[in-house]
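Contents: one structure, followed by commentary.
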Amino acid sequence: MTSIAADRPATVRTRAELRGRATGSGILAFFAVGWTGCGISDLPSTVGLALLAVAGLTSVTVAALAIRNARRAATAPEGGESARGKATGRRFGLVVTAEWIGIFVAVRILGAYGYTELIPSAIALAVGLHFFPLARLFGVRAYHLTGTALCLIALATALLVPLTGTDALGTTLPGFGSALVLYATCAHLLRTHTTR
């Protein structure tokens, strides 16, 4: 299979890998709605609600496809790696904990110094950075692209807000940009879900 971000070499995916991809796409779709909510905060309410509705329907569709894929995973080889699965779960917990600590610290510092318009970009940066260890942990090389795109959105926002003097960019750019990146990642996870 050829793609910009091809994952592991052609192998048969295990049940745990397939279920993990399904779960991952569902989680990312949930957060994509949250990022859309951030993006609409400075838009007229009618436009914002319409975009939020589209995001909600998109996420429901992704969740339905993820559930379908998780059920289909029952026919995949088991893999017999329960110890590795527990270690992966612990590492995942550490990555997510580090991400949330980073977000908390960034929000406190930016708030204390009066740079609240940069909080969404700081959160996008922390989220982007957490995808790099996840790429290795879960063997999903596409997460490198996800992380890079989110970090670039964060940096572009941090540069453009002060340069343009437009505080609305501080929510619009990271909100919609991050949502689109997460939906693209969902599409990749769902598309490469099947065994090879």
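Collect the residues in region 38-51 that are surrounded by fewer than 17 Cβ atoms within 10 Å (Cβ to Cβ) and touching a residue at least 12 places away in the same chain (Cβ under 8 Å), keeping them in residue-number order.
The answer is 41, 42.
How many residues are more than 18 Å from the chain's Cα centre (by Cα), hydroxyl-bearing (Ser, Thr, Tyr) and either assigned to a helix (DSSP H, G or I) or at pLDDT 95 or above (or both) if we restrict to region 152-196?
1
Got a sec? Which of 63, 122 is open to solvent by less than 30 Å² (accessible area, probe 1.4 Å) and within 15 Å of the chain's Cα centre (by Cα)?
From the options 63, 122, the qualifying one is 122.
Kindly indicate whether any position in region 68-79 is open to solvent by 20 Å² or more (accessible area, probe 1.4 Å) and closer than 28 Å to residue 52 by Cα. Before the answer, list the steps.
Within region 68-79, the first condition is being open to solvent by 20 Å² or more (accessible area, probe 1.4 Å), and the residues that meet it are 68, 70-72, 74-75, 77-79.
Imposing the further condition that a residue be closer than 28 Å to residue 52 by Cα reduces the set to 68, 70.
The answer is yes; a qualifying residue exists.
List pairs: first in region 160-178 and more than 19 Å from residue 32 (Cα to Cα), second open to solvent by less than 40 Å² (accessible area, probe 1.4 Å), Cβ under 6 Å, 6+ apart or cross-chain?
161/170
Starting from residues that are among the hydrophobic types (A, V, I, L, M, F, W, C) and over 18 Å from residue 177 (Cα atoms), keep the ones in region 133-166 and report whichever is most open to solvent (accessible area, probe 1.4 Å).
It comes out as 163.
Of all residues in region 1-33, which are open to solvent by 70 Å² or more (accessible area, probe 1.4 Å), under 23 Å from residue 149 (Cβ atoms) and at pLDDT 50 or above?
23, 27, 30, 31
The values are calculated or read from the model by the stated rules, or taken from the named source; none is laboratory data. This is a predicted model, so every value here is computed, not measured. Positions of Cβ are backbone-derived with ideal geometry, glycine not excepted, and every protein chain shown enters the neighbour counts. Surface areas here come from the heavy atoms of the whole protein model, side chains and all, with no ligands, DNA or RNA. Shrake-Rupley method; radii C 1.70, N 1.55, O 1.52, S 1.80 Å.
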